[in-house]
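Report on one structure; see the data block that follows.
The values are calculated or read from the model by the stated rules, or taken from the named source; none is laboratory data. These figures come from a predicted structure and were not determined experimentally. Don't worry about glycine lacking a Cβ; one is built from the backbone with ideal geometry, like all the others, and counts go over all protein chains shown. Please note that ligands, DNA and RNA were not included when accessible areas were found on the heavy atoms of the full protein model with its side chains. Shrake-Rupley method; radii C 1.70, N 1.55, O 1.52, S 1.80 Å.
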Protein chains: 2
Amino acid sequence: MTFEEKITLNGFRLTAPRKKILSILTNQKQPISFEEYSAIDPLIDKSTFYRTMQSFEQAHIINGIESDEGKRYFELNETIHPHFICQHCHAITCLNPLPLISLEGYHVESIIFKGKCPLCSDS
Amino acid sequence: MTFEEKITLNGFRLTAPRKKILSILTNQKQPISFEEYSAIDPLIDKSTFYRTMQSFEQAHIINGIESDEGKRYFELNETIHPHFICQHCHAITCLNPLPLISLEGYHVESIIFKGKCPLCSDS
DNA sequence: CATTCTAATGCAACTAAGTTGCAATAAACC
DNA sequence: GGTTTATTGCAACTTAGTTGCATTAGAATG
Ligand SMILES: [Mn+2]
Ligand SMILES: [Mn+2]
Ligand SMILES: [Zn+2]
Ligand SMILES: [Zn+2]
């Protein structure tokens, strides 16, 4: 699906900030924060960014993930997969899809593992 | 282990706020935030609370969990178990211990499931 | 017990991620 | 092109959590 389709199929207007946000998120291997995003797109407005994240998250175009440090990280919502948050270096990593775990009564939508990433486990 | 032991074995001084914090956390079935804690212990100072959480977390006396809403929730670190965060009502629930999942290269210390809790799945 | 040392407290001021109000702008639809 | 209304961009705000610092009070020592 193109950026244009992702945006317009949900009834959103096709604006410059939205196209840029989707294009940049497409190039990321890992979720990014506003701080990281605005390093790539320095002219972005904070409100526009966060409002876009809210609308796109509700439309399931993107996922938000809470870091250990009180920041939100965002990624495109393509194939569902779990994430790992390193409590040492605070990196957020996308993991390979995992066989779905079911919990009686609960409707599980995502899984986050926490601990030490490979880099931090060595040292 | 008594509150006194938990505190002093880590080289911390035995103070009134620390004893009260541990006694209140002991009575909780689920992790609680500062907001919830201070409803139970209205005289607690915010700095004292958060500084205690930091020291106790480093000493592995308590666990901190990030909610979906940018707040930290705290619980005693007794038996390790996963948690469920409802993305609808935002409740944080302790789950029963789960067979340990291992991820090649990663050192997993905790697992958080997100989705809809039983109450919110019905409605 | 009194003395000393220093960790911990409590208060106020601060920080920073994220939100909100609102006037100006520009998509979308005719 | 003209009208309508969602969206932008700016500044002001909110709020969870942190920090600096003077005061207090554990704990160790004699
Ligand atoms: Mn991912
Ligand atoms: Mn728990
Ligand atoms: Zn790491
Ligand atoms: Zn719920």
- Task: Mind telling me which of the residues B:112, B:80 ends up being under 15 Å from the mean Cα position of the chain (by Cα), within 18 Å of residue A:87 (Cα to Cα), within 16 Å of ligand 4 (Cβ to nearest atom) and among the hydrophobic types (A, V, I, L, M, F, W, C)?
- Result: B:112
- Across (1) charged (D, E, K, R); (2) under 13 Å from the mean Cα position of the chain (by Cα); (3) more than 23 Å from residue A:72 (Cβ to Cβ), residue B:20 clears everything bar (2)
- Starting from segment B:34-50, take each residue that is in contact (Cβ under 8 Å) with a residue 40 or more places away in the chain and more than 16 Å from ligand 3 (Cβ to nearest atom) and list its partners that are open to solvent by less than 80 Å² (accessible area, probe 1.4 Å) and not acidic (Asp, Glu), counting only C-beta distances under 6 angstrom and pairs at least six apart or across chains. none
- Just one of (1) more than 14 Å from chain A (Cβ to nearest Cβ); (2) open to solvent by 70 Å² or more (accessible area, probe 1.4 Å); (3) away from DNA strand C (no atom under 15 Å from the Cβ) trips up residue B:45, so point out which. (3)
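Filter segment B:15-25 down to the residues that are part of a helix (DSSP H, G or I) and either in contact with a Phe, Trp or Tyr (Cβ under 7 Å, 6 or more places away or on another chain) or surrounded by 11 or more Cβ atoms within 10 Å (Cβ to Cβ) (or both) and list them by number. Talk me through it step by step, then tell me what you get.
Let us first name the residues in segment B:15-25 that are part of a helix (DSSP H, G or I), namely B:16-25.
Within segment B:15-25, B:17, B:18, B:19, B:20, B:21, B:22, B:23, B:24, B:25 meet the criteria.
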- Note on the structure: Taking first residues from segment B:104-123 that are facing chain A (nearest Cβ under 7 Å) and second residues anywhere that are charged (D, E, K, R) and open to solvent by 50 Å² or more (accessible area, probe 1.4 Å), the pairs with Cβ under 6 Å that are 6 or more apart or on different chains are B:107/A:116; B:114/A:109; B:115/A:109
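Just name the residue that is nearest to the other protein chains (Cβ to nearest Cβ) out of those in segment A:74-94 that are within 15 Å of ligand 3 (Cβ to nearest atom) and open to solvent by 20 Å² or more (accessible area, probe 1.4 Å). Reasoning before the result, please.
To start, the set of residues in segment A:74-94 that are within 15 Å of ligand 3 (Cβ to nearest atom) comprises A:83-94.
Those left that are additionally open to solvent by 20 Å² or more (accessible area, probe 1.4 Å): A:87-91, A:93-94.
Working: A:87: 7, A:88: 9, A:89: 12, A:90: 12, A:91: 11, A:93: 8, A:94: 12 Å.
Filtering segment A:74-94 for residues that are within 15 Å of ligand 3 (Cβ to nearest atom) and open to solvent by 20 Å² or more (accessible area, probe 1.4 Å), the one nearest to the other protein chains (Cβ to nearest Cβ) comes out as A:87.
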- Query: If you go through segment B:27-41 one residue at a time, do you hit one that is more than 13 Å from the chain's Cα centre (by Cα) and crowded, with 16+ Cβ neighbours inside 10 Å?
  - Reply: no
